[in-house]
Each structure stands twice: as structure tokens, then as C-alpha cells.
Amino acid sequence: MDRRMLQQLQQMQSRLMKAQEELATTEVEGTAGGGAVKVVMNGHRELKGLTIAPEAVDPDDVETLQEMIVAAFNDAAKKAQELSESKLGGLTGGLNIPGLF
């Protein structure tokens with residue numbers, strides 16, 4: 001491997017590490033039930049917060065609340081995936097590197 005290629009790989013690694021750090025601190029929010037349930041996660045899809053509005057809690061209808069939580073989580077996960085792809089996709093030159101997305 002020549003020195004120029006090694007430098008390019010080191011630069012790419014540095015940019016990837018910076019993007020990974022940004023993903024760890026950038027948060028996305030998913031909602032369901034008109035905002036009654038909110039899920040916050042970072043760009044690594046780690047759950048950071050869950051908020052449930054009091055009016056969403058009906059002891060006689062727990063199933064609806066469970067469905068809203070799942071929907072809000074999935075909404076946040078999709079946004080986190082899109083964030084990850086936008087931060088990392090350009091850095092890898094379109095390569096699908098396992099473990100990055």
C-alpha cells in the first residue's frame with residue numbers, strides 16, 4: 001500500500017470517528033398518538049428518553065398505549081437510521097461496511 005493511499009485511509013478513518021461521535025450526541029425524536037408518546041434516541045439508536053402524556057394512560061386500554069410506544073420507538077429508530085446514513089454514507093463512498101449502519 002503506498003503512502004498516499006494510507007493517508008487517504010487515515011483521513012477517512014478520522015472523518016468516520018468524528019461522524020460516530022456526532023451520532024452519539026445527536027438526538028432524534030419519534031412520536032405517536034399525536035405526540036402523546038415521545039421517544040428520544042441518539043444516532044446510534046440508543047434509547048435516551050420516553051415521555052408518556054398522562055391522557056395516554058388508560059388502565060382499561062393498556063394495549064393502545066403499548067402500540068403507541070412501539071410506534072414512537074419505530075419512528076425514532078427510522079429517523080436515527082436516516083441520520084446515520086446521512087452522516088456516514090458519503091464517507092464510505094457508497095460502500096456497505098458491516099457495523100456502520
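Numbers at a glance
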read-out: Residue match in region 8-16 (condition: of a type in the set (D, E, K, R) and modelled with pLDDT under 95); value: yes
read-out: Test: residue in region 16-36 that is within 10 Å of the chain's Cα centre (by Cα), part of a helix (DSSP H, G or I) and in contact (Cβ under 8 Å) with a residue 60 or more places away in the chain; value: yes
read-out: Count of residues meeting criterion [surrounded by 16 or more Cβ atoms within 10 Å (Cβ to Cβ) and closer than 21 Å to L16 by Cα] in region 61-86; value: 5
read-out: Any pair with Cβ under 9 angstrom, 6 or more apart, that starts in region 66-83 at a residue that is in contact (Cβ under 8 Å) with a residue 40 or more places away in the chain and part of a helix (DSSP H, G or I) and ends at one that is surrounded by 18 or more Cβ atoms within 10 Å (Cβ to Cβ) and basic (K, R); value: A72/K38; A76/K38
read-out: Test set (1) in contact with a strand residue (DSSP E or B) (Cβ under 8 Å, 6 or more places away or on another chain); (2) modelled with pLDDT of 95 or more - T25 fails condition number; value: (2)
read-out: Candidate set: region 1-46, residues that are of a type in the set (K, R) and loosely packed, with under 11 Cβ neighbours inside 10 Å; chosen: the one nearest to G90 (Cα to Cα); value: R4
read-out: Residue match in region 47-60 (condition: surrounded by 13 or more Cβ atoms within 10 Å (Cβ to Cβ) and either acidic (D, E) or at pLDDT below 90 (or both)); value: no
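The values are calculated or read from the model by the stated rules, or taken from the named source; none is laboratory data. Since we're looking at a predicted model, the values are computed, not measured. With ideal geometry, Cβ positions are generated from the backbone for all residues, glycine too; neighbour counts draw on all protein chains shown.
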